[in-house]
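J.: The structure under discussion is supplied below as structure tokens; questions concerning it will follow.
The values are calculated or read from the model by the stated rules, or taken from the named source; none is laboratory data. Everything numeric here is computed off the predicted structure, so don't read it as measured data. Quick reminder, even Gly has a Cβ in these numbers, built from the backbone with ideal geometry, and neighbours come from all protein chains shown. Just the protein is used for accessible areas: all its heavy atoms, side chains included, with ligands, DNA and RNA removed. Shrake-Rupley method; radii C 1.70, N 1.55, O 1.52, S 1.80 Å.
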Amino acid sequence: MRIAEIFHSIQGEGSLVGVPSVFVRTSGCNLRCSWCDTPYTSWQPEGDDWSMDSILAAVAAYPSRHVVVTGGEPMIASQIVELTRGLRERGRHITIETAGTVFASVACDLMSISPKLANSTPEGDWAERHERRRIQPDVLRRLMAEYEHQLKFVISSQDDMAELREIVRSLQADAGKVILMPEGIETAVLRERSVWLAEICKQEGFRFSPRLHVELYGNRRGT
């Protein structure tokens, strides 16, 4: 299984923000977000091939019960089902971070689904492919029906809200499970966007998430 990195940190986003967790980051993605903060798993995928035993042993070396399987897009990893079942057998709480474009019958305690808005579509050769793939309503509905979940949206500007509202409406999503998060990799940008985004959450009943790991450690790998 191609792995970009395995590390121990705290969950910086979503409903489990602040929880110490082991992160297993797979390499490879079927999208190419313009603002991707892990280009070493998508635009220029890096990593090494790990055996399943070596991945599970690396996770077991850390004290945290919570494991976050992320990417890239972990749901396209060749052994994702085997990995999650191995983690479940070892008593781990499993969060999967996914864009919600691919379904796999994984073991998962929290499906953290991050549908990509139009603000993610890049220019150039990947534009058409990314735009065609970024929202897959049938996959989103199935993930929401079969797993405990959160819907986490990356917001760049207030102009993103019309598309977000339409997606939430079409999925009949519970506003309490919809989490809005400011886009950005610099503390000043995140702070500015967080102020008006928090107000939107107050008005519309969505949840707000910081990017705590960026605030604590900066935009760097292994955090």
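J.: What is the residue count in the range 23-55 for residues that are out of contact with any Gly (no Cβ under 7 Å at 6 or more places or on another chain), open to solvent by less than 50 Å² (accessible area, probe 1.4 Å) and over 13 Å from THR223 (Cβ atoms)?
T.: Residues that pass the stated criteria total 11.
J.: With the requirement that a residue be of a type in the set (Val, Ile, Thr) and under 21 Å from LYS177 (Cα atoms), what does the range 97-127 give you? Walk me through how you get there before you give the answer.
T.: Within the range 97-127, the first condition is being of a type in the set (Val, Ile, Thr), and the residues that meet it are 98, 101-102, 106, 113, 121.
Scanning the range 97-127 gives THR98, THR101, VAL102, VAL106, ILE113.
J.: Of all residues in the range 11-22, how many are touching a strand residue (DSSP E or B) at 6+ places or on another chain (Cβ under 9 Å), open to solvent by less than 30 Å² (accessible area, probe 1.4 Å) and of a type outside the set (Ser, Thr, Tyr)? It would help to see each step written out before you state the result.
T.: First pass over the range 11-22, keeping only residues touching a strand residue (DSSP E or B) at 6+ places or on another chain (Cβ under 9 Å): 11, 13-22.
In the following step, the residues that additionally are open to solvent by less than 30 Å² (accessible area, probe 1.4 Å) were identified as 11, 13-14, 21-22.
Now restrict to residues that are of a type outside the set (Ser, Thr, Tyr): 11, 13-14, 22.
Number of matching residues: 4.
J.: For residues that are outside any helix (DSSP H, G or I) and open to solvent by 30 Å² or more (accessible area, probe 1.4 Å), scanning just the range 200-221, find the one that is farthest from THR26 (Cα to Cα). If you could, list the steps in order and put the result at the bottom.
T.: Just the residues of the range 200-221 that are outside any helix (DSSP H, G or I), to begin with: 205-211, 218-221.
Applying the additional criterion that residues be open to solvent by 30 Å² or more (accessible area, probe 1.4 Å) yields 205, 207-208, 210, 219-221.
Values: GLY205: 33, ARG207: 27, PHE208: 26, PRO210: 23, ASN219: 18, ARG220: 16, ARG221: 13 Å.
Only one residue tops the list, namely GLY205.
J.: OK, next. Out of everything in the range 137-148 that is farther than 20 Å from CYS33 by Cα and not hydrophobic (A, V, I, L, M, F, W, C), what residue ends up being least open to solvent (accessible area, probe 1.4 Å)?
T.: Step one: of the range 137-148, the residues farther than 20 Å from CYS33 by Cα are 138, 141-148.
With not hydrophobic (A, V, I, L, M, F, W, C) added as a condition, the list becomes 138, 141-142, 146-148.
On the way: ASP138: 122, ARG141: 103, ARG142: 112, GLU146: 103, TYR147: 30, GLU148: 102 Å².
So, considering only residues that are farther than 20 Å from CYS33 by Cα and not hydrophobic (A, V, I, L, M, F, W, C), the one least open to solvent (accessible area, probe 1.4 Å) is TYR147.
J.: Give me the residue from the range 175-223 that is among the β-branched types (Val, Ile, Thr) and in contact with a helix residue (DSSP H, G or I) (Cβ under 7 Å, 6 or more places away or on another chain) and, out of that set, farthest from GLU13 (Cα to Cα). I'd like the intermediate steps shown before the answer.
T.: We begin by selecting, within the range 175-223, every residue among the β-branched types (Val, Ile, Thr); these are 178-179, 185, 187, 189, 195, 200, 214, 223.
With in contact with a helix residue (DSSP H, G or I) (Cβ under 7 Å, 6 or more places away or on another chain) added as a condition, the list becomes 178-179, 185, 187, 200, 214, 223.
Details: VAL178: 12, ILE179: 9, ILE185: 13, THR187: 15, ILE200: 18, VAL214: 10, THR223: 12 Å.
If we take residues in the range 175-223 being among the β-branched types (Val, Ile, Thr) and in contact with a helix residue (DSSP H, G or I) (Cβ under 7 Å, 6 or more places away or on another chain), then ILE200 is farthest from GLU13 (Cα to Cα).
J.: Could you please find all residues in the range 135-168 being over 21 Å from LEU16 (Cα atoms) and of a type in the set (Asp, Glu)?
T.: Hits for the range 135-168 are ASP138, ASP159, ASP160, GLU163, GLU166.
J.: Quick check on my filter: what residues within the range 103-117 are of a type in the set (Ser, Thr, Tyr), in a loop (DSSP other than H, G, I, E, B) and farther than 25 Å from ALA127 by Cβ?
T.: Narrowing the range 103-117 to residues of a type in the set (Ser, Thr, Tyr): 105, 112, 114.
Filter once more, keeping what is in a loop (DSSP other than H, G, I, E, B): 105, 114.
SER105 - this is the single residue of the range 103-117 that is of a type in the set (Ser, Thr, Tyr), in a loop (DSSP other than H, G, I, E, B) and farther than 25 Å from ALA127 by Cβ.
J.: Here is a list: GLY176, GLY218, GLY222, GLY205. Which entry is among the small types (Gly, Ala, Ser), more than 15 Å from ALA118 (Cα to Cα) and in contact (Cβ under 8 Å) with a residue 60 or more places away in the chain?
T.: Values: GLY176 fails: in contact (Cβ under 8 Å) with a residue 60 or more places away in the chain; GLY218 fails: in contact (Cβ under 8 Å) with a residue 60 or more places away in the chain; GLY205 fails: in contact (Cβ under 8 Å) with a residue 60 or more places away in the chain.
Every option except GLY222 fails the conditions.
J.: Take the range 56-102 and flag every residue that is in contact with a strand residue (DSSP E or B) (Cβ under 9 Å, 6 or more places away or on another chain), open to solvent by less than 30 Å² (accessible area, probe 1.4 Å) and in a helix (DSSP H, G or I).
T.: Answer for the range 56-102, where residues must be in contact with a strand residue (DSSP E or B) (Cβ under 9 Å, 6 or more places away or on another chain), open to solvent by less than 30 Å² (accessible area, probe 1.4 Å) and in a helix (DSSP H, G or I): ALA58, VAL59, PRO74, MET75, ILE80, LEU83, THR84, LEU87.
J.: Got a sec? Which of LEU197, LEU151 is open to solvent by less than 50 Å² (accessible area, probe 1.4 Å) and in a helix (DSSP H, G or I)? Explain how you work it out, then say what you get.
T.: Numbers: LEU151 fails: in a helix (DSSP H, G or I).
Only one candidate qualifies: LEU197.
J.: Then there's this: Filtering the range 119-136 down to residues that are without any contact (Cβ under 8 Å) to a residue 60 or more places away in the chain, open to solvent by 50 Å² or more (accessible area, probe 1.4 Å) and not in a loop (DSSP other than H, G, I, E, B), which residue is farthest from SER170 (Cα to Cα)? Quick ask: steps written out before the conclusion?
T.: The initial filter retains those residues of the range 119-136 that are without any contact (Cβ under 8 Å) to a residue 60 or more places away in the chain, namely 124-125, 127-128, 131-132, 135-136.
Those still in the list that are open to solvent by 50 Å² or more (accessible area, probe 1.4 Å) too: 124-125, 128, 131-132, 136.
So of that shortlist, the ones also not in a loop (DSSP other than H, G, I, E, B) come out as 128, 131-132.
Details: GLU128: 23, GLU131: 18, ARG132: 18 Å.
The residue in question is GLU128.
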